[in-house]
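Novice: Have a look at the structure that comes next, please.
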Amino acid sequence: MKKLLGFLLGILLMTGTVAFAGEPLTLLPLGSLPEPQMGLKATATTPHSIVFTFTASTSTYTGLGYNFYFGTTSGGESATPVNSSLLTSICTSGACTATFYASGATGGQGTSALIVPLNTVYATVEACVPYGSSTVCSAPSNEVSCTIPLASSDIAPPASLAGTAH
């Protein structure tokens, strides 16, 4: 078994690729993983959306995209991205923008049940690269937070008003 592992390791080190159980295994060079995104900012632009802006990753891997993670406490972001697939078309000339809406809304890059009036949403973003049947991601960006504003349309008016003249 040691000889087989040594042989496979030798092939991997020489070529960078070896097939294991039908899946190619490729080593990325050290220091080649996408770096964390810096300068992440969040703004609640309407009562039911958040716009995130940040500087694009300098990595040039094919398929590079971004995953956003939300939570309701500082450091409590979910391990599951809010977006259902990597966001690959949100950057122009190094500047990236992504908009998320409240559940039930359409448009933007996704929706979240956490985007409700007066709720504070904490978020991070990671640069990610598809890698075989999985995804390799950078460390998380800086954490940002914003509180979703309350709009007058969020408040139900009184049901009825009755009065008597005196």
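The values are calculated or read from the model by the stated rules, or taken from the named source; none is laboratory data. Computed from a prediction, not measured in an experiment: that's the story for all the values here. A quick note on method: Cβ atoms are made from the backbone with ideal geometry, for glycine too, and the neighbour counts reach across all protein chains shown.
Novice: Which one of 110, 132 is within 12 Å of residue 52 (Cβ to Cβ) and either surrounded by 10 or more Cβ atoms within 10 Å (Cβ to Cβ) or modelled with pLDDT of 95 or more (or both)? It would help to see each step written out before you state the result.
Specialist: Values: 132 fails: within 12 Å of residue 52 (Cβ to Cβ).
None of the others qualify; the one that does is 110.
Novice: Now, a different point. Going residue by residue through the stretch 72-81, is there one that turns out to be in contact with an Asp or Glu (Cβ under 7 Å, 6 or more places away or on another chain) and either assigned to a strand (DSSP E or B) or surrounded by 19 or more Cβ atoms within 10 Å (Cβ to Cβ) (or both)?
Specialist: The answer is no; no qualifying residue exists.
Novice: Considering only the stretch 102-159, state which residues are outside any strand (DSSP E or B) and of a type in the set (S, T, N, Q).
Specialist: First, pick out the residues of the stretch 102-159 that are outside any strand (DSSP E or B): 103-109, 113-119, 132-133, 138-143, 148-159.
Those that are outside any strand (DSSP E or B) and of a type in the set (S, T, N, Q): 103, 106, 109, 119, 133, 138, 141, 142, 152, 153.
Per-residue answers, yes or no, for (1) among the hydroxyl-bearing types (Ser, Thr, Tyr); (2) at pLDDT 95 or above; (3) touching a Lys or Arg at 6+ places or on another chain (Cβ under 6 Å):
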| position | (1), (2), (3) |
| --- | --- |
| 98 | no, yes, no |
| 106 | yes, no, no |
| 124 | yes, yes, no |
| 150 | no, no, no |
| 159 | no, no, no |
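Novice: Across the stretch 43-62, which residue is farthest from residue 102 (Cα to Cα) among those that are in a strand (DSSP E or B) and among the aromatic types (Phe, Trp, Tyr)? Full working, then the answer.
Specialist: Restricting attention to the stretch 43-62, the residues satisfying the condition of being in a strand (DSSP E or B) are 43-46, 49-55.
Those still in the list that are among the aromatic types (Phe, Trp, Tyr) too: 52, 54.
Details: 52: 14, 54: 21 Å.
The residue in question is 54.
Novice: Let me ask something else about it. If you check residue 111 against the conditions, is it hydroxyl-bearing (Ser, Thr, Tyr) and under 17 Å from residue 149 (Cα atoms)? Before the answer, list the steps.
Specialist: Values: hydroxyl-bearing (Ser, Thr, Tyr): yes; under 17 Å from residue 149 (Cα atoms): yes.
Taking the combined requirement at face value, the residue satisfies it.
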